[in-house]
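A short worksheet on the structure shown next.
Rule-based calculations on the coordinates, nothing more; no lab input. As the structure is a prediction and not an experimental result, all values here were calculated from the model. Note that each Cβ is placed from the backbone with ideal geometry, even for glycine, and that neighbours are counted across all protein chains shown.
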Ligand SMILES: Nc1ncnc2c1ncn2[C@@H]1O[C@H](COP(=O)(O)OP(=O)(O)O)[C@@H](O)[C@H]1O
Ligand SMILES: [Mg+2]
């Protein structure tokens, strides 16, 4: 086995945002050398990676040259130049997630086709090569519209209820899905290494704000029956196996009114829904990602305590240098750990950090989480 620790081994990471930053706490723990590529000199990883390279993740030569300088490559973002990854792979570089997994997942249409091909339960859908093609054959309302590429955090998704809304959709390649009446949004993170070892984290639940369509809390474990939890984990494992994926894979799912599980989408990397694991699990998702891509023994995925994660997003009406108002009050609360990603400027709804709340009792954790949510404000002065 290669020696990764306190050695000349160089791990490359494409993307230097908050997921990269939290991955670096795991590489520091194990003393693994890291090189990070990101377009912004102010990226959260810029000052804490061993070698930071400023460059365009969509540019073939930039990604290719960066890949040539490392011994193994991973990602923290999917929007990257895949052709460069294919060439690097051909030349013998190990890349996890594998480029062909990334190519499927980068494109929501191809991803849904993949689910169909592998009998993975998912909402009915139809692909369109352009906005014009969709508008020419208006489907039955309502439906969910999704841009085939480049959406994130809901930016490429719209629930369309009227013909007037249909007309405002952009001209890009897209797909439409049946609007699923779900009672819960769930997620399961699966880890898989080259030796074929697999590990599944507990099912988490995304609790949404009743009006603003935003995830307010990620709750682990999800407050669902054992039977539904088992079904969700089994489907998540099947998804990961179907991709023969190496690394971490987060599977987002809907629990329908009659307790069916439908896969919404997957991310071949560490995920917002796994941040709770830093404080609450035996092995954080970031350490687990490292273990899986380096073909090391996987860690225990059980939780030590109930964990709830609250996203810290920029408040509406504030743009500029960030201030975390009332953070001292939050630090006084039991079992509360804030994470600040290091973005100096706030904007409405920008993901600036998160707070994890742990407790022996999930209802207590949920109550504290609500106080945190109502106390801490991400603003600018
Ligand atoms: N078919 C659907 N039916 C109902 N709600 C949906 C459907 N697809 C997506 N959504 C809602 O939109 C959100 C964002 O969609 P998703 O495909 O996960 O896009 P993103 O890449 O932005 O995360 C989901 O978390 C869910 O709340
Ligand atoms: Mg999603």
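Only beta bridges with both residues in the chain are counted; by DSSP, about 80 percent of them are antiparallel.
Dividing the radius of gyration of the alpha carbons in region 182-380 by their Kirkwood radius gives 0.98 for Rg/Rh. Note on the chain: GNM, Cα springs under 10 Å; of 48, 75, 189, the largest mean-square fluctuation is that of 48. Per-residue ellipticity at 222 nm, computed for the chain from helices alone with -39500 (n - 2.57) per DSSP H run of at least four residues, works out to -8000 deg cm²/dmol.
Dividing the Cα radius of gyration of the chain by 2.2 N^0.38 Å, with N the residue count, gives 0.98. Most tightly packed first, judged by the mean number of other beta-carbon atoms within 10 Å of their residues, the peptides 320-329, 55-64 read 55-64, 320-329.
With a Förster radius of 45 Å applied to the C-beta separation of residue 110 and residue 332, the computed FRET efficiency comes to 0.40. Here region 1-47 and region 186-259 have alpha carbon centers that stand 26 Å from each other.
Once both labels are positioned 7 Å from their Cα atoms along Cα-to-Cβ, the gap between residue 149 and residue 168 label points is 2.6 nm. The overall shape of region 31-88 is oblate: from the C-alpha gyration tensor, with semi-axes ordered a ≥ b ≥ c, the ratio a/c is 1.5 or greater and a/b is no larger than b/c. Just checking the listed ones, 286, 150, 115: in the Gaussian network model of the chain with Cα springs under 10 Å, the one fluctuating most is 150. Here the contact order of the chain, divided by its residue count and restricted to Cα pairs under 8 Å and six or more residues apart, works out to 13 percent.
Relative contact order of region 1-47, taken over Cα pairs closer than 8 Å and 6 or more residues apart, is 47 percent. Largest mean-square fluctuation among 333, 309, 253, in a Gaussian network model of the chain whose springs join Cα atoms under 10 Å apart, belongs to 333.
Mean separation of Cα pairs under 8 Å and 6 or more residues apart, divided by the residue count, gives region 122-281 a relative contact order of 21 percent.
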